[in-house]
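In what follows, a structure is listed as structure tokens, so that the remarks can point back to it.
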Amino acid sequence: MKHSEFWRAVDTVFGAAYGRSLAQDLVLTSIGTTGVQALDNGVPPREVWNALCDETDRSDADRWVLRDDPRRRRRDTR
């Protein structure tokens, strides 16, 4: 997951304003810092996303909202 994919997932699952607020203000227990601070400190976006989903009790559908299908990616590049 890239940083841009992380932010797109945040916006999609939580809504832009609320999601950005969560990422900035909610301390993620498993990481020990907020999502924004974790990203700034070099924590991989996928790890931050998983921690955010865990902390907010998101469903599996929400967790994998942007899962990329490699078969589709290959087909799109031809």
TODO: Quickly run through region 24-41 and pick out the residues that are more than 12 Å from CYS53 (Cβ to Cβ) and either in a helix (DSSP H, G or I) or within 11 Å of the chain's Cα centre (by Cα) (or both).
DONE: GLN24, ASP25, VAL36, GLN37, ALA38, LEU39, ASP40
- [ ] For ARG74, indicate whether it is part of a loop (DSSP other than H, G, I, E, B), more than 17 Å from LYS2 (Cβ to Cβ) and at pLDDT below 90.
- [x] no
TODO: Could you tell me which of the residues ALA61, ALA38 is modelled with pLDDT of 95 or more and among the aliphatic types (A, V, I, L, M)?
DONE: ALA38
Open item on the list: Being surrounded by 16 or more Cβ atoms within 10 Å (Cβ to Cβ), part of a helix (DSSP H, G or I), modelled with pLDDT of 95 or more and of a type in the set (Val, Ile, Thr) is the requirement here; does VAL10 meet it?
Closed with: yes
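The values are calculated or read from the model by the stated rules, or taken from the named source; none is laboratory data. Keep in mind the model is a prediction, meaning the values are calculated, not measured. So basically every Cβ, Gly included, is an ideal-geometry build from the backbone, and we count neighbours across all protein chains shown.
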